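Single-structure report; data block below.
The values are calculated or read from the model by the stated rules, or taken from the named source; none is laboratory data. All figures in this text were calculated on a predicted structure; none of them were measured in a lab. Note: ideal-geometry Cβ built from the backbone for every residue, glycine included; neighbour counts use all protein chains shown. Surface accessibility is based on the protein's heavy atoms, side chains included, excluding ligands, DNA and RNA. Shrake-Rupley method; radii C 1.70, N 1.55, O 1.52, S 1.80 Å.
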Amino acid sequence: MKLPVLSLADGAAWEERLVAAFERGPHGVEVVRRCVDVVDLLAVAASGQGRAALVAGRVRRFDTDAVDRLAAAGVAVVGVVPRGDVAAEDQLRAVGVATLLPEDAEPAVAAAVLAEAVRSIAEGDDRAPRRAFGDPSLSMPIPPGAGGPLLVDRPARRGSVVAVWGPTGAPGRTTLAVALADELAQLAPGALLIDADVYGGTIAAAVGLLDESPGLAAACRQAGGQRLDAVALAALCWQLGPQLRVLTGLPIASRWPELRPTAIAPVLAAARTLADFTVVDCGFSLETDEELSFDTLAPRRNGATLAVLDDADLVLVVGSADPIGLQRLVRALADLREAEIGAPTWIVLNRVRSGVVPGDVRAELTAALQRFAGRAPAALLPLDQRSVDAALAGGRLLREANPASPLRQAVLELAAAVAGVPVPGGRRRRRGA
């Protein structure tokens, strides 16, 4: 049985050539429908008539939503672009098309690429490869016979993405994210802070900004329209300092559907070219029960959080340093493993204080974490409520409110470990496993 394929060529000559070649030759592929526009393509895909789609570059209204709907219908998308047309390649990659094919590819090569794309989407392996924290970026191999660098998945990435995540119970994710981004901005040429909490982002209020600014939602919309790059992203950010930008979150939690998971990756890709370090404050929940709905196109509230964690180079897991917080943290680490997040994870215990556990609080907390999670904390941040309150009251950064704050000093040491540079002042710290 031949592989049923749909096509949307927008009048390009390659469609007629491949249709005829597939019909005559033993390639195991058949173009069952030549669609006239995106609406036609989505309707045919929803009916189950095709398993892959050949889509020309620069097709009008072919955006992230169309790619989402094709994926929900189980249709693998292969973009077809003129060889050397970088703009067309970028346009397709921006909306989530990972596999590209040159217009002059031989029919046998096109058939092989289509079969591989269908296999990948069937096995759930259609996501872009991820690089390990601190390692060179990886790219997809070029299928034999495709020719040229056209099928390389993405350009080398300069900046790193650090996701700040933790369980329910307000363990201090936002406080850490804001302070960490500020300290990284002092250690590196540039840092970007993004509020991606779909349950109630508060970064704008924490640093004294208007939460009515478009922020991340606008960036996701521009990514869906293939208009987002570093310059456009910078225009949506607030400038908190010479080296620190902020991309605010949702002013109203009910607007969470605006943060489409498929738009997160293009936003982070633009962020990597804009800043050396991007710190993302994430929501707490990783539940995917909504995926059990019969409506496979329904938006997923936690999809944005999972997309950030999946694309991050490092995940800081924040837990409150008390018996209840540790219990929640241990369970959260299990949830993180079930989500199959491949990035390295560092555990950060926040609000460390005497009296919450008997004996030496730091030693007891470390021992408890080792016992129940088999992990050592990468950082133990002391409780310094006075400095945190002073920063919040004035809409200032922790470093500005109290430069000598013990919490600020601990975050500075953590930032130096993340950046891989010596701690200012000559102090050395040991990172936990």
Next on the checklist: Considering only residues that are more than 20 Å from the chain's Cα centre (by Cα) and part of a helix (DSSP H, G or I), which ones fall in segment 175-226?
Outcome noted: Thr175, Ala179, Asp182, Glu183, Ala185, Gln186, Leu187, Ala204, Ala205, Ala206
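Let's see how each residue does on (1) in a strand (DSSP E or B); (2) charged (D, E, K, R); (3) open to solvent by less than 10 Å² (accessible area, probe 1.4 Å):
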| site | (1), (2), (3) |
| --- | --- |
| Gln327 | no, no, no |
| Val330 | no, no, no |
| Asp335 | no, yes, no |
| Arg351 | yes, yes, no |
| Val356 | no, no, no |
Next on the checklist: Can you report the number of residues in segment 31-75 which are open to solvent by 10 Å² or more (accessible area, probe 1.4 Å), of a type in the set (Gly, Ala, Ser) and farther than 15 Å from Leu114 by Cβ?
Outcome noted: 8
Checklist entry - Of the residues Val97, Val78, which is open to solvent by less than 10 Å² (accessible area, probe 1.4 Å), under 15 Å from Glu15 (Cβ atoms) and outside any helix (DSSP H, G or I)? => result Val78
Item to check | Selection count, segment 100-135, where residues are in contact with a helix residue (DSSP H, G or I) (Cβ under 6 Å, 6 or more places away or on another chain), assigned to a helix (DSSP H, G or I) and modelled with pLDDT under 85 | outcome: 0
Item to check | Residues that are surrounded by 17 or more Cβ atoms within 10 Å (Cβ to Cβ) and touching a residue at least 60 places away in the same chain (Cβ under 8 Å), drawn from segment 217-245 | outcome: Ala223, Gly224, Gln226, Leu228, Leu240, Leu244
Item to check | Members of segment 307-325 found to be farther than 20 Å from Ser354 by Cβ and assigned to a helix (DSSP H, G or I), listed by number | outcome: Ala307, Val308, Leu309, Asp310, Asp311
Checklist outcome for this item: Checked segment 159-201 for anything open to solvent by 10 Å² or more (accessible area, probe 1.4 Å), among the β-branched types (Val, Ile, Thr) and in contact with a Lys or Arg (Cβ under 7 Å, 6 or more places away or on another chain); matches are Thr168
Item to check | For Glu290: the one exception among (1) at pLDDT below 95; (2) surrounded by 18 or more Cβ atoms within 10 Å (Cβ to Cβ) | outcome: (2)
